[in-house]
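Engineer: Mind looking over this structure? Questions follow.
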Amino acid sequence: MREPPPDLFRSWFHSYEEDHEDVRVYRPDDFPFPPARGRRGMEFAPDGGFVDHPLGHGDAPGAVPGHWRLVSDRHLALSFGGARPDRELEIVRCDERVLQVRRLV
């Protein structure tokens, strides 16, 4: 994989009920999630833009802009310009229905 999978470029919300071992599972916003007090999310753009959606006040999602870059096969680096700590993710699986990632740093 010299480029991220094209299905990556959308908004994803954490389906924490499906997490397993060290893999976090994300679903598109039209997924029929069970009720929850709020869901974290993230959004990837083809131009390298990234938005992290942590839980904000009243469980509403916040928005922290950043950038992603491909480090190596299935390995992404996320940077936030000092607004929050940088992260690295391994893409375990990505298609139109699910994004599974493993946090590396």
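The values are calculated or read from the model by the stated rules, or taken from the named source; none is laboratory data. Quick caveat: nothing in here was measured; it's all calculated off a predicted structure. Cβ atoms come from the backbone with ideal geometry, glycine included; neighbour counts cover every protein chain shown. We work out accessible area using only protein heavy atoms, side chains counted, and drop any ligands, DNA or RNA first. Shrake-Rupley method; radii C 1.70, N 1.55, O 1.52, S 1.80 Å.
Engineer: Which FRET efficiency, nearest 0.05, do residue 71 and residue 30 yield, Cβ-Cβ r, R0 35 Å?
Structural biologist: E between residue 71 and residue 30, to the nearest 0.05, is 0.70.
Engineer: Could you pull out the trypsin sites (Lys or Arg not before Pro) across the chain that fall in loop regions by DSSP (anything but H, G, I, E, B) with no more than 11 other Cβ atoms inside 10 Å?
Structural biologist: Sparse-neighbourhood loop trypsin sites (Lys or Arg not before Pro): 2, 37, 97.
Engineer: Using Cα springs under 10 Å in a Gaussian network model of the chain, which residue among 43, 21, 88 shows the largest mean-square fluctuation?
Structural biologist: In this elastic network of the chain, the residue with the biggest mean-square fluctuation among 43, 21, 88 is 21.
Engineer: Moving on. Lys/Arg Cβ at +1, Asp/Glu Cβ at -1, dipole of the chain taken about the Cα centre: which of 38, 9, 92 is farthest positive-ward?
Structural biologist: 38
Engineer: A follow-up question, please. Have a look at 46, 35, 65 and tell me which one the Gaussian network model of the chain (Cα, springs below 10 Å) gives the largest fluctuation.
Structural biologist: Judging by the Gaussian network model, the answer is 35.
Engineer: Relative contact order for the chain: what is it in percent, counting Cα pairs under 8 Å that are at least 6 residues apart?
Structural biologist: Answer for the chain is 25 percent.
Engineer: Label the chain by shape, choosing from rounded, prolate and oblate, from the square roots a ≥ b ≥ c of the eigenvalues of the Cα gyration tensor; if a/c is under 1.5 it is rounded, and otherwise prolate applies when a/b is larger than b/c, oblate when it is not.
Structural biologist: Oblate shape, in that a/c is at least 1.5 and b/c is the bigger or equal ratio.
Engineer: With all distinct Cα pairs included, what does the Kirkwood hydrodynamic radius of segment 53-98 come out to in Å, to one decimal, could you say?
Structural biologist: The Cα-based Kirkwood calculation yields 12.3 Å.
Engineer: So how much accessible area does residue 31 have, in Å² to the nearest 10, using a 1.4 Å probe?
Structural biologist: 70
Engineer: Return, for the Cα atoms of segment 21-82, the radius of gyration and Dmax in Å, separated by a comma.
Structural biologist: So, for segment 21-82, Rg and Dmax equal 13.3, 38 Å respectively.
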